[in-house]
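J.: The structure is given below, and queries will be raised subsequently.
The values are calculated or read from the model by the stated rules, or taken from the named source; none is laboratory data. Here the structure is a predicted model, which means the values were calculated and not measured. Here the Cβ positions follow ideal geometry from the backbone for every residue, glycine too, while neighbour counts run over all protein chains shown. What goes into the accessible areas is simple: the full protein's heavy atoms, side chains included, and nothing from ligands, DNA or RNA. Shrake-Rupley method; radii C 1.70, N 1.55, O 1.52, S 1.80 Å.
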Amino acid sequence: SIEDSRFLDLFAGSGAMGLEALSRGAKSAVFVENDKYAAQCIEENIKSLDVSKRVRLLRKDCLKAIKSLSESGDSFDFIYADPPYLETFKEGLLSEEVLRMIGSSALLKENGLFIIEEDRKAGLDRIERDTLARAQSGQHFDTVFPGSYAQPHLPQLPLPFLRQHVNRRDFAAP
């Protein structure tokens with residue numbers, strides 16, 4: 001249940017996912033966004049919804065944020081990541097590195113849910129099987145592909161009253 005949970009929104013954009021979690025009873029949300037304009041958008045949405053006491057906004061690189069949150073002992077019931085689709089990182093994809101870092105950290109609580117959104121071409125289902133086999137028992141990982149928002153565990157998007165970040169993606173199924 002989302003009620004009384006801690007929610008981490010990585011590559012938060014407008015903050016819609018974390019704010020939706022708060023509207024459904026999450027205790028707190030942490031937003032990670034490196035883009036200056038998107039972070040301003042999150043701040044405006046937080047202010048307009050009057051939830052500043054329940055949120056924290058980290059304006060930093062997502063991978064650095066994952067590392068610092070993990071080192072500080074933070075943990076979350078829900079982690080949602082929406083990295084730029086098919087963005088390269090070193091010799092692979094940024095989404096693969098996010099999966100590896102979350103899978104090897106204690107950021108996700110036991111019985112927690114990690115959701116990552118990525119293009120089908122990324123092949124994250126392969127990464128989940130191969131890399132996340134050592135994840136703590138009770139953790140659940142899910143890959144969300146464009147056009148698959150109908151899955152029951154996902155909040156409805158977008159919130160009509162939230163200002164949406166200008167770099168919206170095309171969610172049409174391939």
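J.: For the list (1) on the phi > 0 side of the Ramachandran plot; (2) out of contact with any strand residue (DSSP E or B) (no Cβ under 6 Å at 6 or more places or on another chain), I need the number of the one condition that GLU118 fails.
T.: Unmet condition: (1).
J.: So SER137 clears everything in (1) modelled with pLDDT under 75; (2) open to solvent by 50 Å² or more (accessible area, probe 1.4 Å); (3) of a type outside the set (Val, Ile, Thr); (4) under 18 Å from LEU8 (Cα atoms) except one condition, right? Which one?
T.: So the condition that SER137 fails would be (4).
J.: Report yes if some residue within segment 48-70 is among the aliphatic types (A, V, I, L, M), over 14 Å from the mean Cα position of the chain (by Cα) and modelled with pLDDT under 90; otherwise report no.
T.: First, pick out the residues of segment 48-70 that are among the aliphatic types (A, V, I, L, M): 49, 51, 55, 57-58, 63, 65-66, 69.
Remaining after also requiring over 14 Å from the mean Cα position of the chain (by Cα): 49, 51, 55.
Next cut, modelled with pLDDT under 90 only: none.
So far as segment 48-70 goes, no, none of its residues is among the aliphatic types (A, V, I, L, M), over 14 Å from the mean Cα position of the chain (by Cα) and modelled with pLDDT under 90.
J.: To continue, here is another question. Among (1) within 20 Å of PHE114 (Cβ to Cβ); (2) among the aliphatic types (A, V, I, L, M); (3) over 14 Å from the mean Cα position of the chain (by Cα), there is one condition ALA39 misses while meeting the rest; what is its number?
T.: (1)
J.: With the structure loaded, tell me whether TYR80 is of a type in the set (Phe, Trp, Tyr), buried (at least 21 other Cβ atoms within 10 Å of the Cβ) and either in contact (Cβ under 8 Å) with a residue 60 or more places away in the chain or in contact with a helix residue (DSSP H, G or I) (Cβ under 6 Å, 6 or more places away or on another chain) (or both) or whether it fails that test. Spell out how you get there, then give the answer.
T.: Details: of a type in the set (Phe, Trp, Tyr): yes; buried (at least 21 other Cβ atoms within 10 Å of the Cβ): yes; either in contact (Cβ under 8 Å) with a residue 60 or more places away in the chain or in contact with a helix residue (DSSP H, G or I) (Cβ under 6 Å, 6 or more places away or on another chain) (or both): yes.
Yes: the conditions hold for TYR80.
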